[in-house]
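Just below is one structure, and these are the notes that go with it.
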Amino acid sequence: MNKEKRIVFMGTPDFSVPVLKMLLEHYQVVGVVTQPDKQVGREGKLSISPVKKVALEENIPIYQPVKIRKGYEEILSLNPDIIVTCAYGQIIPKEILDYPEYGCINVHASLLPKHRGGAPIHRAIMEGDSKTGITIMYMDVGMDDGDIIRQKEIPILDTDTAETLFDKLSVLGASLLEETLPDIFSKSVSRIKQKEEEATFSYNISKEDEKICFAKKRREVYNQIRGLNSFPVAYTILDGKRMKVWASKIGDEKKVPPCGTITSIGKEGIGVATLDGEIFLTEIQPEGKKKMLAADYINGYPHKENLIGKVLE
């Protein structure tokens, strides 16, 4: 363990955990900053972030400012030599960025300058990208616009979902940071300016993004569904009720009825018309029920032949 350098880590979701665990294994982590606890469920029970859970287990001081712009003094009192962030969830103020000797380093889940913002993994799949990766970068006051230190790319497989890509990139992020930190501490890294003209933005997923639009090509619908699996999960409306769609399969290119019309039912699932052919909904979750195969749902549907011709809203 390198106890000479004092590190403050800032992160919140499961994605951040491998990075924190790597730092705890090799360095002196003097504090963890994460988002405030949230009330969940009808009973309003408090839920702590995955990063906080690790910090509690390791007995690391925890800081949870509601707005870090107004609550950073305690963090600076830890006298960090470097601050590492990974999916923290708030914009870091200049007072923090300017403090550490070795800067504020961010582990970002895209190949910057593409996919700046809070949902780079979801949108890389939804937009049909063939590759993504991890960027280790110096933080600046803008959104993910700091100088690049190092990048590593991986392919996006046709079978990848947001969940599988989250898992791959979280491990890659920890590995690439472990490889990069010694060079940061020796001040031997190069700083690569981002090309602003190549920047794209991947803002957080909205409620509108979750609803499936069948008035697109099969591939676009397929990418939307897998890009939202397993959170927050795409949905459509059948018989006036919300139905989550966890997985799908691209069908044949052919002339079809109006988009959103159920065209077929069977072992492959629920066939639905898109702009250029059929897409099969293969794994669904009807409102108030558990996730199930679409074929099982079809078998339990009263007068299942009546599904043909229904329009998903």
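Considering every residue within the stretch 75-92, establish whether at least one is assigned to a helix (DSSP H, G or I) and on the phi < 0 side of the Ramachandran plot.
Restricting attention to the stretch 75-92, the residues satisfying the condition of being assigned to a helix (DSSP H, G or I) are 75-76.
Narrowing further to those that are on the phi < 0 side of the Ramachandran plot: 75-76.
Yes, there is a match, as at least one residue in the stretch 75-92 is assigned to a helix (DSSP H, G or I) and on the phi < 0 side of the Ramachandran plot.
Would you point out which residue out of Tyr63, Tyr102 is under 28 Å from Ser190 (Cα atoms), modelled with pLDDT of 95 or more and among the aromatic types (Phe, Trp, Tyr)?
Details: Tyr63 fails: under 28 Å from Ser190 (Cα atoms).
Of the residues listed, the single one that is under 28 Å from Ser190 (Cα atoms), modelled with pLDDT of 95 or more and among the aromatic types (Phe, Trp, Tyr) is Tyr102.
Going by the structure shown, is Glu57 assigned by TED's automatic domain parsing to the domain that holds Ile136, farther than 22 Å from Pro182 by Cβ and at pLDDT below 95? Outline the logic, then answer.
Numbers: assigned by TED's automatic domain parsing to the domain that holds Ile136: yes; farther than 22 Å from Pro182 by Cβ: yes; at pLDDT below 95: no.
Judged against the criteria, Glu57 is not a match.
Tally up the residues in the stretch 95-112 that are within 18 Å of Gly11 (Cα to Cα), hydrophobic (A, V, I, L, M, F, W, C) and in contact with a strand residue (DSSP E or B) (Cβ under 6 Å, 6 or more places away or on another chain), please.
4
Can you find a residue in the stretch 198-218 that is within 14 Å of Ile279 (Cβ to Cβ), not in a loop (DSSP other than H, G, I, E, B) and not hydroxyl-bearing (Ser, Thr, Tyr)? Write out each step before concluding.
Taking the stretch 198-218 and keeping what is within 14 Å of Ile279 (Cβ to Cβ), we get 212-218.
Filter once more, so that each one left must be not in a loop (DSSP other than H, G, I, E, B): 218.
From what's left, not hydroxyl-bearing (Ser, Thr, Tyr): 218.
Checked against the condition, which is being within 14 Å of Ile279 (Cβ to Cβ), not in a loop (DSSP other than H, G, I, E, B) and not hydroxyl-bearing (Ser, Thr, Tyr), the stretch 198-218 yields at least one hit.
For the subset of the stretch 255-271 comprising residues that are of a type in the set (Val, Ile, Thr) and touching a helix residue (DSSP H, G or I) at 6+ places or on another chain (Cβ under 8 Å), which member is nearest to Lys304 (Cα to Cα)? Show your work before the answer.
From the stretch 255-271, those of a type in the set (Val, Ile, Thr) are 256, 261-263, 265, 270; that's our starting set.
Applying the additional criterion that residues be touching a helix residue (DSSP H, G or I) at 6+ places or on another chain (Cβ under 8 Å) yields 262, 265, 270.
Details: Ile262: 12, Ile265: 8, Ile270: 11 Å.
In this case the residue turns out to be Ile265.
List every residue pair whose Cβ atoms lie under 8 Å apart, where the two residues are 6 or more positions apart in sequence or sit on different chains, the first residue falls within the stretch 285-313 and is aromatic (Phe, Trp, Tyr), and the second residue, located anywhere, is assigned to a strand (DSSP E or B).
From residues that are aromatic (Phe, Trp, Tyr), the pairs are Tyr297/Ile270; Tyr297/Ile284; Tyr297/Pro286.
For residues in the stretch 47-77 being over 16 Å from Leu20 (Cβ atoms) and among the basic types (Lys, Arg), which is surrounded by the fewest Cβ atoms within 10 Å (Cβ to Cβ)?
So the first thing to find is which residues in the stretch 47-77 are over 16 Å from Leu20 (Cβ atoms), and the list is 47, 65-74, 76-77.
So of that shortlist, the ones also among the basic types (Lys, Arg) come out as 67, 69-70.
Numbers: Lys67: 11, Arg69: 13, Lys70: 9.
Once the filter is applied, the top-ranked residue is Lys70.
Would you be able to tell me the number of residues in the stretch 169-188 that are out of contact with any Phe, Trp or Tyr (no Cβ under 9 Å at 6 or more places or on another chain) and crowded, with 20+ Cβ neighbours inside 10 Å? Let's see the steps before the verdict.
So in the stretch 169-188, the residues out of contact with any Phe, Trp or Tyr (no Cβ under 9 Å at 6 or more places or on another chain) come out as 171-172, 174-180, 182-183, 186, 188.
From what is left, the residues that are crowded, with 20+ Cβ neighbours inside 10 Å are 174, 176-177.
The total comes to 3.
Any chance you could count how many residues in the stretch 23-59 are within 23 Å of Ile184 (Cβ to Cβ) and touching a Ser or Thr at 6+ places or on another chain (Cβ under 8 Å)?
Here the count works out to 3.
Output the residue which, of all residues in the stretch 244-285 that are part of a strand (DSSP E or B) and acidic (Asp, Glu), is nearest to Cys213 (Cα to Cα).
Step one: list which residues in the stretch 244-285 are part of a strand (DSSP E or B), which gives 244-253, 261-266, 269-274, 277-285.
From what's left, acidic (Asp, Glu): 252-253, 278, 283.
Numbers: Asp252: 18, Glu253: 18, Glu278: 13, Glu283: 17 Å.
Only one residue fits best here, namely Glu278.
Would you point out which residue out of Pro13, Pro80, Pro113 is in contact (Cβ under 8 Å) with a residue 40 or more places away in the chain, under 15 Å from Met139 (Cβ atoms) and surrounded by fewer than 22 Cβ atoms within 10 Å (Cβ to Cβ)? Write out each step before concluding.
Details: Pro13 fails: under 15 Å from Met139 (Cβ atoms); Pro80 fails: surrounded by fewer than 22 Cβ atoms within 10 Å (Cβ to Cβ).
After applying the criteria, what remains is Pro113.
So is Pro232 in contact (Cβ under 8 Å) with a residue 24 or more places away in the chain, in contact with a helix residue (DSSP H, G or I) (Cβ under 9 Å, 6 or more places away or on another chain) and part of a loop (DSSP other than H, G, I, E, B) or not? Break it down into steps so the answer makes sense when it comes.
Details: in contact (Cβ under 8 Å) with a residue 24 or more places away in the chain: yes; in contact with a helix residue (DSSP H, G or I) (Cβ under 9 Å, 6 or more places away or on another chain): yes; part of a loop (DSSP other than H, G, I, E, B): yes.
Considered against the rule, which asks whether it is in contact (Cβ under 8 Å) with a residue 24 or more places away in the chain, in contact with a helix residue (DSSP H, G or I) (Cβ under 9 Å, 6 or more places away or on another chain) and part of a loop (DSSP other than H, G, I, E, B), Pro232 comes out as yes.
The values are calculated or read from the model by the stated rules, or taken from the named source; none is laboratory data. Worth saying up front: this structure is predicted, and the values here are computed from it rather than measured. Every residue, glycine among them, receives a Cβ derived from its backbone with ideal geometry; neighbour counts consider all protein chains shown.
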